[in-house]
Structure formats: structure tokens, C-alpha cells
Amino acid sequence: MGRRNQHSLNLASSSKMIPPSNSTEDDGEAVTDPLFLFNNSMGLHPPGFHTDITKHLGVQITLITAYSLIILLGLLGNTLVIYMIIRYRTMRTVTNFFIANLALADLLVNTLCLPFTLVYTLLDDWKFGAVLCHMVPFAQALSVHVSILTMTVIALERYRCIVFHLGRRLTWHSSFLIMAFTWTTSAVLAAPLAIFREYRNEEIPSINLRIAVCSEKWPHGTGRDGVIYSLSMLLLQYIIPLAIISYAYICIWVKLKNHISPSSRNDSVNRRKKTTKMLALVVVVFVICWLPFHVFQLASDLDLVLRFKEYKLIYTVFHIVAMCSTFTNPLLYGWMNKNYRNGFLMVFRCEDKPDSFHPEGSFRTRSLRRLTLNGRNGGHPPTAV
């Protein structure tokens, strides 16, 4: 954020998911005019509510509709993904466990980010008390860190198995330890947003208004620490992970494209290609959804866009685009993976046909199955991938 214009409940980098509101500092010095404080949230164009387009009825209806659809689709889709992996034994593969971890992080965003964001956008008043003032930004940052770390782990695991032909995949125990590590690391990275936070009330005598504010409060009373944290999170949360993921999937794609195998293994290679395409597309969608928000947030940190008249509306639109990533993953699974597609259809039809699932994503299961078949036919087992 532009620290000259501290946002209420702003989060670091992509985790700054609550819209900008009132500020209390100007280059480290307190601003004493309460009306100016309130109008800061309207794009720094005094004097009053009419300058904030998000107060218009049509805009508010549009925002309510957009956020409600994202919440509904996110809750439905991600709950279905987790349910299927728990319910059907053949879906319990290492890759699917990591996919369930992604779904859990998205559910956290749907429940602990979007409702609060919507209310705060419409009211410009933090209605949820001091405890949630500290916990909500922490939970939001936590979920985004978990998502990107999990995508990185998935890419590295597939890189290890496919590029290096390592037949031994991660065990369930190892995968759960890795997921615990991603949540612990994410909690550490998100902790400053819970620690350096202040809940207070602001009086605006000129319009007889008293509003509650939840904002960052960094040490030394300046915004420099906040800018450093924000840029660090942009690097750790976006640039470095996506560089690693891109390298891994490029290597995987080159390996699969140049792979020559007997006709008996064509199905296996095609399944690997389809699964890799699906997982890579998940990352691409994440990048596309979050890129506008990241760019705008960085411009805010550098005080390049804070004086736009419609700053708050632009911020909110980019936030909505970023939040679309929370429901697109289940759509991608249903479109590109037969198991998830069959599972979704069974749930909606109230059917239960576990034999409809095939271990497409489980390299280990396929390898054991091939080993059995080749043993019966006197053949040699192929190398597991």
C-alpha cells in the first residue's frame, strides 16, 4: 500500500485483500483533519461521500452479486473436491492430497476473506471487533501462501517423478508432513499481519460520524517497514515460486513431448500429459487472476496510483478478479480430468459408483497394476513414472 495512505486491514502483497479505507498518517506524520481521513478512502478527492462511486446503488448491487457468486461457487466446488478425495479410496493419491490442500486454502479465502471484504467495501467501517481485526488478515495471507506453496510442491513432485524417472513416489505420510510444513511456513510469513495491527475508532465531528478502523501499525510509526514487508512478500509469494513452477513444467513438457515409448505405454504417457496440462493450467489461471492485483498493489506501494479518483473501485475490481481463482480450480478439474468429472456428476445425481474412477493421477497404483499384469504375462515391468 502507499504508506502515506495506510489502508485499513490491508494485507501484504496478494494477501492485501481488504479494500483501502481511512488513513492516519502522511509520510509518518498524523493527519488531524477527520474529514480528510474519511475522504482518503474515497480516492483522496474531498469533500464527501458523493466522490465514492462504490456508494452508488447500482455499483453496490453489482459488487454484492459478484462476491456472492464467487463465495457460492468457491464453497460448492472446493467442498466437492475435498469430499470426493475423502469419500473414494481410488482418489486418495499423493497428487490429489495436494489438490485437496489447495481446495482447503481456497475455502479459507471464501469464508474468512470475501464476506469481510464485501461488508467493509460497502460500509467503510470495521464492524467485526478487535480480535477479528488481527485474525482476518492473518487468515487471508495464510491461505494465499498455502496455495502458492502447494502448487510449487506439486510441480516439483511431478518434476522429480517424470523428468528423473523416479518410480518411488511420496508416501501418504510424507505428503501430509509436507502439507503441515506448508501451513507452518505460511503461518510464519503471515504472522506480521496479525502482530502489527491496530483497531481504533475515528471521530468525524463535521458530519457527526464515528467509524471503526482496522489498519496496519508498523514499528517506528512509519510505513517504511510495511513497504519492505510488502515487497518481500511479492518476491516470496509470487515471483520466486512462479519461476520455480515455470521451470519445472517446462522441463516436464519437454520430457513428455520427446518421450518415445512402446505402443503399450501410449495410454500412460497420454494420461501423464493430460494431468500435467491440467495442473499447469491451474498455475496459469492463478497467475492471470492475481497479476493485475499485484501490479496495482505494487503501484500503490510506490504511491503511483493513490490519487486516482476511482482508486477504491479499481482496487475492488482487481480484487474480484483475483478472487476468481478460488473457484476456477474445480471447474478445471471437471473439464480436464475424467475422475473429477465423473465424481461431480455422481454427487449431483445422488449416485455412488466407485468403479467409475480410474487411478489416472496415481503413478504408484498404475505401476503396481502393470507389474501384476506383466508378471502374469511373463513380461518385464516398465519403469514407474
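The values are calculated or read from the model by the stated rules, or taken from the named source; none is laboratory data. It should be emphasised that the depicted structure is a prediction, and the values quoted were computed from it without experimental measurement. Because the Cβ atoms are built from the backbone with ideal geometry, glycine has one as well, and the counts that use them run over all protein chains shown.
Computed quantities for the displayed model
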item	result
Residue within region 139-149 that is surrounded by fewer than 16 Cβ atoms within 10 Å (Cβ to Cβ) and not in a loop (DSSP other than H, G, I, E, B) present	no
Region 80-97, subset under 23 Å from Ala155 (Cα atoms) and of a type in the set (Ser, Thr, Tyr), residue modelled with the lowest pLDDT	Thr90
Count of region 86-135 residues which are β-branched (Val, Ile, Thr), surrounded by fewer than 19 Cβ atoms within 10 Å (Cβ to Cβ) and farther than 27 Å from Pro192 by Cβ	2
Failed criterion for Thr54 (all others in (1) over 27 Å from Asn342 (Cα atoms); (2) in contact with a Leu (Cβ under 8 Å, 6 or more places away or on another chain); (3) at pLDDT 90 or above hold)	(3)
Exclusive hit being in a helix (DSSP H, G or I) and either closer than 27 Å to Asp52 by Cβ or touching a residue at least 60 places away in the same chain (Cβ under 8 Å) (or both), set Ala100, Ala105, Ala130	Ala130
In region 174-207, the residues that are among the hydroxyl-bearing types (Ser, Thr, Tyr), over 22 Å from Leu235 (Cβ atoms), at pLDDT 85 or above and in a helix (DSSP H, G or I)	Ser174, Ser175
Residue within region 318-334 that is modelled with pLDDT of 90 or more and more than 28 Å from Leu279 (Cβ to Cβ) present	no
Residue, farthest from Asp52 (Cα to Cα), within region 310-339, restricted to residues that are touching a residue at least 60 places away in the same chain (Cβ under 8 Å), part of a helix (DSSP H, G or I) and among the hydrophobic types (A, V, I, L, M, F, W, C)	Met336
Any hit, region 200-211, residues being under 20 Å from Leu122 (Cα atoms) and buried (at least 20 other Cβ atoms within 10 Å of the Cβ)	yes
Some residue of region 74-89 being more than 17 Å from the chain's Cα centre (by Cα) and of a type in the set (Val, Ile, Thr)	yes
Qualifying residue in region 351-369 (condition: modelled with pLDDT of 85 or more, over 23 Å from Gln140 (Cβ atoms) and hydroxyl-bearing (Ser, Thr, Tyr))	no
Subset of region 73-95 (residues that are in a helix (DSSP H, G or I), under 27 Å from Thr171 (Cβ atoms) and touching a Ser or Thr at 6+ places or on another chain (Cβ under 8 Å))	Asn78, Thr90, Val94, Thr95
Flag if Phe164 is surrounded by fewer than 21 Cβ atoms within 10 Å (Cβ to Cβ), more than 21 Å from the chain's Cα centre (by Cα) and modelled with pLDDT of 85 or more	no
Residue count for region 208-232, restricted to those that are at pLDDT 80 or above, assigned to a strand (DSSP E or B) and hydrophobic (A, V, I, L, M, F, W, C)	4
Test result for Arg169, closer than 24 Å to Val282 by Cβ, among the charged types (D, E, K, R), buried (at least 19 other Cβ atoms within 10 Å of the Cβ) and within 22 Å of the chain's Cα centre (by Cα)	no
Residue in region 246-253 that is surrounded by 12 or more Cβ atoms within 10 Å (Cβ to Cβ), within 22 Å of the chain's Cα centre (by Cα), over 19 Å from Thr185 (Cα atoms) and at pLDDT below 80 present	no
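Listed here are the residues, each with its yes/no results for (1) buried (at least 22 other Cβ atoms within 10 Å of the Cβ); (2) under 15 Å from the mean Cα position of the chain (by Cα); (3) under 19 Å from Thr121 (Cα atoms).
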| residue | (1), (2), (3) |
| --- | --- |
| Val284 | no, yes, no |
| Leu298 | no, no, no |
| Lys312 | yes, no, yes |
| Tyr315 | yes, no, yes |
| Val321 | no, yes, yes |
| Ser325 | yes, yes, no |
